[in-house]
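The block underneath contains the structure these notes are about, expressed in C-alpha cells.
The values are calculated or read from the model by the stated rules, or taken from the named source; none is laboratory data. From a predicted model like this one, the values you see are computed outputs, not experimental measurements. All Cβ positions, even for glycine, are placed from backbone atoms using ideal geometry, and neighbour counts span all protein chains on display. Protein only, heavy atoms only, side chains kept; ligands, DNA and RNA dropped before computing areas. Shrake-Rupley method; radii C 1.70, N 1.55, O 1.52, S 1.80 Å.
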Amino acid sequence: MSMEILTIEEVAALLRVSERTVYEWANKGEIPCGKLGTSWRFKRSEIEKWVDSRLGSEQKGRGDFVPLFIDRLLSPDHIMMVESISKNELLQAMVEMISSSPNVKSRKELEAGIFHREQLMSTGIGMGIGIPHVRNNSVKDVVLGAALVRNGVDGYESLDSQPVKLVFLIAASSDQHSEHLKLLSQISSKLKDASVREALCNAADAADFYRLLTGEEG
C-alpha cells in the first residue's frame, strides 16, 4: 500500500472509534500524528504499527484476552456471492445473513447502526474493499460476514472511487474495542496482498472464498 496521510475522520473510520476519541488521543500524544496548520494528520503506516503495538501490549497484560481469528468468526454460510447489487440492498442482505448468529440480539438495531455509520462516512477503504461496521449493544460478541459482488457494488462511494467488490461486515459489542481492532488488523493484512484480493474476486463459491481467505477447507 502506498503512503497515505489520513484525517481524524479517516482514522476514526479505520479504527472503528469516534472522532472525539481520536482527537483526544492526538491532543494527549497517545497516537502518532502531526499537525498541518491547525488540523491533525496521521500516516496510515504509523497508525497500523501503533495498533499492532497496542494489541501486543494488551494481550500480554490480560490473561483473559483471546485473540480473534478470521477462521473462527467466519463460516461459508455467512458469505454472500452476488453478481450486482446496490449498496443499501447489500448492507440489508448482509445484516439479515449474520443475524442468524446467536450473538446478534437485535437485527433492527444492528441494521440501524450499520446504516448510521455509513451516513457519517463511507466504509469503502479503497482497493475494491468495503468494511461496514458497528459497535453497539445489538450484539453480544463479535460477528463477521463477507460478500463478493462480482460486478462491483453500485454507489458504494469508496475513498479511491474504485468499484467495491469485497465487503466484510463487522459487528461487535460496545465494550469490544480491542477485539474489533484485532479483527480489522487481520483483515487489512490479508487484503493488502493484490494476489489475495484477485483470488477472492475469482472464488467459485462461498466455500472456495472461505478456503482462500483462511487457508482452510470450508
*What pairs come up if the first residue lies in region 1-16 and is open to solvent by less than 20 Å² (accessible area, probe 1.4 Å), the second is among the polar types (S, T, N, Q) and modelled with pLDDT under 75, and their beta carbons are under 7 Å apart, counting only those six or more places apart or on different chains?*
ALA12/SER18
*Given the residues LEU181, LEU166, which is the only one that is closer than 16 Å to VAL82 by Cα and either in contact with a strand residue (DSSP E or B) (Cβ under 9 Å, 6 or more places away or on another chain) or touching a residue at least 24 places away in the same chain (Cβ under 8 Å) (or both)?*
LEU166
_Condition met for MET81 (outside any loop (DSSP other than H, G, I, E, B), open to solvent by less than 30 Å² (accessible area, probe 1.4 Å) and under 23 Å from LEU191 (Cβ atoms))_ = no
_I want to confirm something. Restricting to region 185-214 and keeping residues that are of a type in the set (A, V, I, L, M) and within 15 Å of the chain's Cα centre (by Cα), which single residue is nearest to MET81 (Cα to Cα)?_
LEU213
*asked:* Just to be sure I understand, how many residues within region 105-140 are open to solvent by 20 Å² or more (accessible area, probe 1.4 Å) and more than 27 Å from SER161 (Cβ to Cβ)?
replied: 10
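Could we say that VAL143 is buried (at least 18 other Cβ atoms within 10 Å of the Cβ), of a type outside the set (Lys, Arg) and farther than 26 Å from SER18 by Cβ here?
On the way: buried (at least 18 other Cβ atoms within 10 Å of the Cβ): yes; of a type outside the set (Lys, Arg): yes; farther than 26 Å from SER18 by Cβ: no.
Taking the combined requirement at face value, the residue does not satisfy it.
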